[in-house]
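Just so it is clear, none of the values below were taken in a lab; they were calculated from the coordinates. No experiment lies behind these values; they were computed from the predicted model shown. All Cβ positions, even for glycine, are placed from backbone atoms using ideal geometry, and neighbour counts span all protein chains on display.
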Amino acid sequence: MKITAIYPGTFDPITNGHTDIVKRAAKLFEHVIVAIAANPSKEPVFSLKKRIDLATRVLAELNNVSVRGFESLLAQFAKQCGVQVIVRGLRAMSDFEYEFQMAGMNRTLIPDIETIFLTPAGKYTYLSSSLVREIATLGGPVGDFVHPDVYAALCQKMCQY
Ligand code: ADP
């Protein structure tokens, strides 16, 4: 059986921690869809189009990975894509409560899709898009945490403020 997994998130912007999870998922499943949520309630810094563009460039070398944007409920989008698995990343216990709640709700909404959790390499356990944005806003070096294209986009964005 060929399994397609969806890895949903805001990816504002994609970091090396996200990429680590995508690479792990790409080894486990035939196809991985990185699904970028419009998520207007989070007021993303980068537009959906830009987040899709950056993730597509960062993940270009992974042949069984595709990047898509979505504006609907994840449960509806996952069903529409015909996936069997939802992948989420777990960094620390602080992620657990929210992720546990989401997994339970998604199981209620789409019982035939399983949520699985992957942990990143240790050096990424403290990394988040929000921290990267915060450091970049204050002019700090974020080059070790993101792909060069994302770094350039962050520099350009922060110059606008
Ligand atoms: P969301 O708004 O859905 O939390 P994010 O883009 O912040 O979107 O995160 C998407 C998923 O990636 C979540 O499961 C999150 O826990 C995971 N994630 C984010 N950063 C990392 C990281 N450094 N290592 C592993 N997983 C991560």
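Here are the numbers for this structure:
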{"read-out": "Ranking of 135, 110 by count of other Cβ atoms within 10 Å, fewest first", "value": "135, 110"}
{"read-out": "Charged-residue dipole, Cβ positions (Lys, Arg, Asp, Glu), region 102-149 about Cα centre, Debye nearest 20", "value": "120"}
{"read-out": "Cα-centre dipole for the chain with unit charges at Cβ (Lys and Arg positive, Asp and Glu negative), debye to 20", "value": "220"}
{"read-out": "Mean ellipticity per residue at 222 nm, deg cm²/dmol - from DSSP H runs of n ≥ 4 across the chain, formula -39500 (n - 2.57)", "value": "-13500 deg cm²/dmol"}
{"read-out": "Cβ-derived FRET efficiency at R0 25 Å, residue 28 paired with residue 131, nearest 0.05", "value": "0.40"}
{"read-out": "Fewest-first sequence of 137, 10 by Cβ atoms within 10 Å of each Cβ", "value": "137, 10"}
{"read-out": "The chain: relative contact order as a whole-number percent, Cα under 8 Å and 6+ apart", "value": "29"}
{"read-out": "Unit charges on C-beta of K, R, D, E only; dipole of region 67-153, Debye", "value": "80"}
{"read-out": "Computed P(r) (all Cα pairs; the chain; 10 Å bins; percent)", "value": "10, 40, 38, 11, 1"}
{"read-out": "Spin-label proximity, residue 68 to region 33-59 - amide N less than 13 Å from point 7 Å beyond Cα toward beta carbon", "value": "33-37"}
{"read-out": "Choice from 20, 149, 95 showing the highest fluctuation, given a GNM over the chain with Cα pairs closer than 10 Å", "value": "95"}
{"read-out": "Shape call, region 1-84: gyration tensor on alpha carbons, a/c limit 1.5", "value": "oblate"}
{"read-out": "Cα Rg, Dmax (largest Cα-Cα span) when computed across region 42-83, Å", "value": "11.9, 31"}
{"read-out": "Violating pairs (Cα-Cα greater than 22 angstrom) within the set 2/42; 23/123; 2/49; 27/123; 27/157; 23/157", "value": "2/42; 2/49; 27/157; 23/157"}
